[in-house]
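Single-structure report; data block below.
The values are calculated or read from the model by the stated rules, or taken from the named source; none is laboratory data. None of these values were measured; they are calculated from a predicted model. Because the Cβ atoms are built from the backbone with ideal geometry, glycine has one as well, and the counts that use them run over all protein chains shown. In case anyone asks, the SASA skips ligands and DNA or RNA and just uses the protein heavy atoms, side chains included. Shrake-Rupley method; radii C 1.70, N 1.55, O 1.52, S 1.80 Å.
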Amino acid sequence: MAFAAATEPISAKLRKDEKERLTAVCDEIGASPSNAIRMFASAFNYLSGFPFDPSNPRRFSPETLAAMDDAAAVGASPAPTAR
């Protein structure tokens, strides 16, 4: 018989579009939003911090980040989801 660890509830507020996207992605990969949050919490606790760089969540290369900074310096608009 497997041991089941006791769980505690957690509450988080998301915008409607964030919740819908979370649910859709979870459905695509065969996970539930609760499992996704548990996986994030587990990785966060294991690493004692974010399991990704919050300043570069899309993992742009250093070259791309430098080009984005250059574009911003000359007044060009970076992509809205860039940073």
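Descriptive notes on the structure:
- Counting only residues that are under 15 Å from the mean Cα position of the chain (by Cα) and open to solvent by less than 90 Å² (accessible area, probe 1.4 Å), the range 13-30 holds 7 of them.
- Met1, sole failed condition from (1) at pLDDT below 90; (2) surrounded by 10 or more Cβ atoms within 10 Å (Cβ to Cβ): (2)
- Qualifying residue in the range 64-74 (condition: at pLDDT 85 or above, among the hydrophobic types (A, V, I, L, M, F, W, C), open to solvent by less than 80 Å² (accessible area, probe 1.4 Å) and within 20 Å of the chain's Cα centre (by Cα)): no
Yes/no per residue for (1) open to solvent by less than 50 Å² (accessible area, probe 1.4 Å); (2) polar (S, T, N, Q):
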residue: Asn35; (1), (2): no, yes
residue: Tyr46; (1), (2): no, no
residue: Phe52; (1), (2): no, no
residue: Ser61; (1), (2): yes, yes
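- Failed condition for Ile10, given (1) open to solvent by 100 Å² or more (accessible area, probe 1.4 Å); (2) aliphatic (A, V, I, L, M); (3) assigned to a helix (DSSP H, G or I): (3)
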